[in-house]
Ligand SMILES: [Zn+2]
């Protein structure tokens, strides 16, 4: 059935949890867009938003869309269960990519010490790399919290401007601290895929996450016909 959403791939996390990947095929010849959530286990706003988006698209299969859509609501189910930023091996999954600027250790605003593993040492990272290499998305929307801003990597300035306009979130060129081995560096800068990192504010309850979804919803729909 055209425009149905199907689970097409599942990886298994270090602690045995499923990492599901979904596809909505509009036309096999069209390029794809990736919507990604929960690189960091304590940032679950993206999973909520992607879940809401998927349900709306199932209910409205005729919405105008120039792309095939791919959804990975939760990359880090172990971190989510353990209520931590990191995965079960205590590695930051947004610092584990085999980029030119890879480091074994770094820091963030909240953490003095962040372990990055070895390049692509983590199952979750290798799964994501395989998905990008297989489906070659034309745009990537990666959802984090809680800096409340839009950041971008690679040729994504226009896309990031659209997101900033539609959400009212502040647009920045970088988050203000080093992010070696990040997914944005790997996919955006090195593979040149337009990539935005949508940092929402911290929504703890479903009510707050719904409020966030309503803020970012117009940008998500605009993405469906956007030319980066
Ligand atoms: Zn994050």
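Observations on the structure shown:
- At R0 = 41 Å, FRET efficiency that the Cβ-Cβ distance of residue 27 and residue 205 yields, to 0.05: 0.60
- Förster radius 41 Å - calculated FRET efficiency between residue 100 and residue 214, Cβ distance, rounded to 0.05: 0.60
- Cα-based helix-to-principal-axis angle, 157-167 vs the chain, degrees rounded to 10: 80
- Helix 206-223 and the long axis of the chain differ in direction by around 60°, with both axes built from C-alpha atoms.
- The orientation-averaged projected area of the convex hull spanned by the Cα atoms of the chain comes to 11.1 nm².
- Reciprocal of mean inverse Cα separation for the range 13-103 (Kirkwood radius, Å): 14.5
- Given their separation in residues at 0.36 nm each and the Cα-Cα distance between them, residue 177 and residue 55 gain 40.4 nm when the chain is fully extended.
- Taking each DSSP H run with n ≥ 4 as -39500 (n - 2.57) and averaging over every residue of the chain yields -8500 deg cm²/dmol at 222 nm.
- Relative to the longest principal axis of the Cα atoms of the chain, the long axis of helix 45-59 makes an angle of roughly 20 degrees.
Only the coordinates and a few stated rules stand behind these numbers; no lab work does. The model shown is predicted, which means the values in this text are computed figures rather than measured ones. Note that we place each Cβ from the backbone using ideal geometry, even for glycine, and neighbour counts take in every protein chain shown.
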